[in-house]
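Q: My questions will all concern the structure given below.
The values are calculated or read from the model by the stated rules, or taken from the named source; none is laboratory data. Computed from a prediction, not measured in an experiment: that's the story for all the values here. Here the Cβ positions follow ideal geometry from the backbone for every residue, glycine too, while neighbour counts run over all protein chains shown.
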């Protein structure tokens with residue numbers, strides 16, 4: 001009942017607040033933006049980890065984010081992540097949230113905290129190989145394709161289940177699959193977004209009951225970005241990836 005009321009509230013306010021939020025976030029400070037986001041995260045019944053997406057933002061901006069207490073940063077591209085990792089404090093937990101090519105894994109394997117975007121068994125094998133070379137275990141999420149957009153990457157439910165139940169998966173002793181990630185369609189249709197997130201939540205719960213592998217611990221559900229994280233947390237997200245709503249509009253200069 002609580003979730004139903006919450007969904008209705010989101011749908012009513014979604015369009016009204018969208019343009020106002022985009023206008024305000026560029027003039028408000030990171031601290032003020034963070035306070036507004038945290039207020040919304042408090043509506044979640046479950047614990048939700050905030051990952052601040054740093055794509056195209058400067059090191060100075062990220063240092064400011066660090067100084068207000070943020071420690072989980074997410075980057076889309078390896079080539080952007082590396083200089084930021086080198087320049088910023090080493091107690092930051094770096095998440096790779098964008099599409100990852102196998103030939104780029106070696107660059108982030110020594111330090112990456114969580115890879116959200118695993119979309120093939122081949123990529124898992126490469127992550128395992130590089131993790132072994134660095135004498136560590138790397139946590140991963142399988143990215144599931146739930147959107148009605150061709151630009152999104154990800155596995156189908158059937159492909160993900162095949163990986164999770166494959167006998168060969170247990171041989172990858174230097175990776176852990178700790179959950180799933182999905183991106184909803186970029187649309188103003190809140191019901192479509194909700195249904196896409198709920199489809200992933202349902203699959204997540206199904207896999208929790210049927211998968212029994214030594215390197216699979218399904219506890220994280222990474223859903224929700226700046227434009228739809230309130231819907232995501234109402235659908236059971238345990239991790240949201242928010243950039244512009246906290247750091248302000250991106251610079252592509």
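Q: With the requirement that a residue be outside any loop (DSSP other than H, G, I, E, B), under 20 Å from the mean Cα position of the chain (by Cα) and more than 28 Å from residue 107 (Cβ to Cβ), what does the stretch 133-160 give you?
A: Once the filter is applied, which keeps residues that are outside any loop (DSSP other than H, G, I, E, B), under 20 Å from the mean Cα position of the chain (by Cα) and more than 28 Å from residue 107 (Cβ to Cβ), the stretch 133-160 yields only 157.
Q: Can you name the residue in the stretch 103-119 that is assigned to a loop (DSSP other than H, G, I, E, B) and over 17 Å from the mean Cα position of the chain (by Cα) and is also surrounded by the most Cβ atoms within 10 Å (Cβ to Cβ) among such residues?
A: Checking each candidate, the answer is 109.
Q: Further question: Kindly evaluate residue 122 against the criterion of being free of Cβ contacts under 8 Å to residues at least 40 places away in the same chain and either buried (at least 16 other Cβ atoms within 10 Å of the Cβ) or within 20 Å of residue 207 (Cα to Cα) (or both).
A: Judged against the criteria, residue 122 is not a match.
Q: Moving on. With (1) closer than 29 Å to residue 42 by Cα; (2) in contact with a helix residue (DSSP H, G or I) (Cβ under 8 Å, 6 or more places away or on another chain) as the list, and residue 183 as the residue in question, which single condition is left unmet?
A: (2)
Q: To continue, here is another question. Which of (1) surrounded by fewer than 20 Cβ atoms within 10 Å (Cβ to Cβ); (2) over 30 Å from residue 227 (Cβ atoms); (3) free of Cβ contacts under 8 Å to residues at least 40 places away in the same chain is the odd one out, the single condition residue 130 does not satisfy?
A: Result: residue 130 fails condition (1) only.
Q: Could you count how many residues in the stretch 213-234 are buried (at least 24 other Cβ atoms within 10 Å of the Cβ), touching a strand residue (DSSP E or B) at 6+ places or on another chain (Cβ under 7 Å) and either on the phi < 0 side of the Ramachandran plot or modelled with pLDDT under 95 (or both)?
A: Here the count works out to 5.
Q: Taking the stretch 196-212, which residues are surrounded by 14 or more Cβ atoms within 10 Å (Cβ to Cβ) and outside any loop (DSSP other than H, G, I, E, B)?
A: 196, 197, 198, 199, 200, 201, 203, 204, 207
Q: Could you tell me whether residue 76 is surrounded by fewer than 13 Cβ atoms within 10 Å (Cβ to Cβ) and at pLDDT 95 or above?
A: So residue 76 fails the test.
Q: Applying the selection to the stretch 103-118, what residues are out of contact with any strand residue (DSSP E or B) (no Cβ under 7 Å at 6 or more places or on another chain) and more than 23 Å from residue 145 (Cα to Cα)?
A: Scanning the stretch 103-118 gives 106, 107, 110.
Q: If only one of 123, 100, 81 is over 14 Å from residue 243 (Cα atoms), under 17 Å from the mean Cα position of the chain (by Cα) and not in a loop (DSSP other than H, G, I, E, B), which one is it?
A: 81
Q: Which members of the stretch 168-189 meet the condition of being over 17 Å from residue 208 (Cα atoms) and assigned to a helix (DSSP H, G or I)?
A: 168, 171
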